[in-house]
Each structure stands twice: as C-alpha cells, then as structure tokens.
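Okay, so here's the structure we're looking at.
The values are calculated or read from the model by the stated rules, or taken from the named source; none is laboratory data. All figures in this text were calculated on a predicted structure; none of them were measured in a lab. Cβ placement follows ideal geometry from the backbone for every residue including glycine, while neighbour counts extend to all protein chains displayed.
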Amino acid sequence: MQIVGLIGHPVGHSISPAFQQAAFDALGLPVRYEAWDTPPGSLPTTIARLRAPDYLGANVTIPHKQAVISLLDAVDPFARAIAAVNTIVRQEDGTLVGYNTDVEGFTRSLRDEAGTDLGGCRVVLLGAGGAARAVAAAAAVQRAAILTICARRIEQAEDLRDMLVRTELLGPGMETRVLGLTCPGEMLGRTIETCDVLVNATPVGMAGHPSPASTVIDPAWISPRTLVVDLIYNPPITPLLAAAAARSARTLNGLGMLIYQGAAAFERWTGRAAPIEVMRARAREALHG
C-alpha cells in the first residue's frame, strides 16, 4: 500500500481525500489518501516523511503553498514563477519535485464548464492570496486584455502584479491594474460593471467563514454580461453567485477547479488518466453530507 497526503492547516473541511480515494479505488490502485493537519512548525517533518518509499507524494493547501518550496529538491519552472506549489511528487530516488496544478485546474474548469477562456477579456480578480496567484497566472498565460487585481491590502495586490512582471508571464499589450477593495466605490464599481469575467479568490462567503452570508463587492455592480466565478465550492451557491444569478449573469463555482487540479495531480503521481467523472460524483456526494 502506498500513501498520498493532503498537507494543510486546517484540513478537516477538505473533500479532496474523498474524491482522490475514489479515483485510486476506481482504477484498482493500492493507494491510501490521507489528510495531514500540519501546523507551520511541523511542515519540515511532514515533508521529510514523504521521502520514504511507501509515499507517492502529496497535495499542499493553505497556508503552505509558498513555504513548502524551500523544502523540496526541485520545483517545476511554472510553479517557481508563481511561487506556489500545490502538488509534490516523490521520485524513485526519494527526491521531491513540486508542481502547481491550480492554473491547469482553473483554465480547464473555465473551458469545460463555462465554454470560455480569458483571452482578450477584461478580468477583475478579488483577492491576492494563493488561489489568486493561479488565476492571475492563467489570465497572463491566456493573454487577457486587462487584469485588475483588487485586495484589501493594496501592497499584496501590488506584489502579485509585480510577480507577473518579474516572471515575464505578461504578454505584449496586456494591462494590469491594482485597486483596493476599500477604494472609492465609483471607481471599483465602474471597473466591475465593465468587466467580462469577475473572479472571487477570497474566502468571503465560504461555509465556516466569519462572514458566510456576505459578498466582497456590491452585487449591484454585476452586469448580466459578466461571467462570475467564485473559487469557493462549499456552499455550491455562495452569496456572490446567488446575487449574480439574480442579475442574470452566468456563474461558476470552484468545484470544477478543485477536481481538475486534483486530477492533474493524480496523473503526476500515477502516470494514469484520472477518472474525472468518478471524482466529480464523489466530490458532490461529500459536499452533500
């Protein structure tokens, strides 16, 4: 029996163990997927454990996606560029390689579930943390026309913008802007009203969050022509998505991104095609009880 783990703090809410285990079982692979609640001080010990022969690797989630990089032997160039690792693969010699499958998960969810990509779009990104880095990278790789990063901490948004510039992910002619979520409402409102894709990468509206019934922005700013994406998947319909649907906007939650990034990780661990529909069905079951 080989082992894969989910490294984060906390991890009790995650449905990744449910749908990843279903994928291993569906292909008859002798692999057990575990959740490892790992406080920051325990991260080095947890990573060292992955070097043993009975481990395939791990997923990495909040708050370790950046801190884990210095503990690995190698990091995929793209993951290093955006300074975030969410997948670790153990090589046969025990070395550990880090990857980021969040970008792949996000772009595939947009393509397969919303029938779109970000090429030529005006994109507004709410948040500048780990999940936001994947969305920003996807916008850059797909050549969005304008990416506006909005965060409560303006310096965090500026750091994300600078990352895109520093790593040369930005294509010719792509414009990036930074706005504070507390900036004058008219400016933020106009930006959101005229965007093509609005992405919430903050935890506001998530089950268990201090503000589960709140939205990050005034829903009145949402245009019917905008695709509204909330990276939250629990609840499946967040307050932001409910408000967007009420304004006749198209909506997409984060479940597809979670499944597709997990599928990409599965394929790196096993070399086998992931059973996507098995994973999706088990994820929905886990969400509903």
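Against the conditions (1) of a type outside the set (Ser, Thr, Tyr); (2) more than 17 Å from Leu27 (Cα to Cα); (3) free of Cβ contacts under 8 Å to residues at least 12 places away in the same chain, where does Glu267 fall short? Just the number, please.
For Glu267, the exception is condition (2).
If I filter segment 150-163 for residues that are at negative phi, of a type in the set (Val, Ile, Thr), in the same structural domain as Thr107 (by TED's automatic domain parsing) and not in a helix (DSSP H, G or I), do I get at least one hit?
No.
Just for segment 181-196: of the residues that are under 10 Å from Cys150 (Cβ atoms) and either touching a residue at least 40 places away in the same chain (Cβ under 8 Å) or among the charged types (D, E, K, R) (or both), which one is surrounded by the most Cβ atoms within 10 Å (Cβ to Cβ)?
Ile192
Identify all residues within segment 100-109 that are surrounded by fewer than 24 Cβ atoms within 10 Å (Cβ to Cβ) and either in contact with a strand residue (DSSP E or B) (Cβ under 8 Å, 6 or more places away or on another chain) or more than 22 Å from Thr87 (Cα to Cα) (or both); write none if there are none.
Ser109
Which of the residues that make up segment 68-86 are in a helix (DSSP H, G or I), at pLDDT below 95 and of a type outside the set (Val, Ile, Thr)?
Pro77, Phe78, Ala79, Arg80, Ala81
Taking into account only those residues within segment 1-54 that are in a helix (DSSP H, G or I) and among the polar types (S, T, N, Q), which is surrounded by the fewest Cβ atoms within 10 Å (Cβ to Cβ)?
Ranking the candidates gives Thr45 first.
For Val89, indicate whether it is more than 16 Å from the chain's Cα centre (by Cα) and assigned to a strand (DSSP E or B).
yes
Would you say Val199 is buried (at least 17 other Cβ atoms within 10 Å of the Cβ) and under 21 Å from Phe106 (Cα atoms)?
So Val199 fits the description; yes.
Being closer than 30 Å to Val229 by Cβ, out of contact with any Ser or Thr (no Cβ under 8 Å at 6 or more places or on another chain) and in a loop (DSSP other than H, G, I, E, B) is the requirement here; does Thr116 meet it?
So Thr116 passes the test.
So, Arg143, is that one touching a Leu at 6+ places or on another chain (Cβ under 7 Å), outside any strand (DSSP E or B) and not aliphatic (A, V, I, L, M) or not?
Spelling it out, it is not the case that Arg143 is touching a Leu at 6+ places or on another chain (Cβ under 7 Å), outside any strand (DSSP E or B) and not aliphatic (A, V, I, L, M).
Tell me, which helices (runs of 4 or more DSSP H) lie completely within segment 192-289 with 3 or more residues that are aromatic (Phe, Trp, Tyr)?
255-270
Within segment 175-191, can you find the residues that are in a loop (DSSP other than H, G, I, E, B) and touching a Lys or Arg at 6+ places or on another chain (Cβ under 6 Å)?
Leu181, the sole residue that qualifies.
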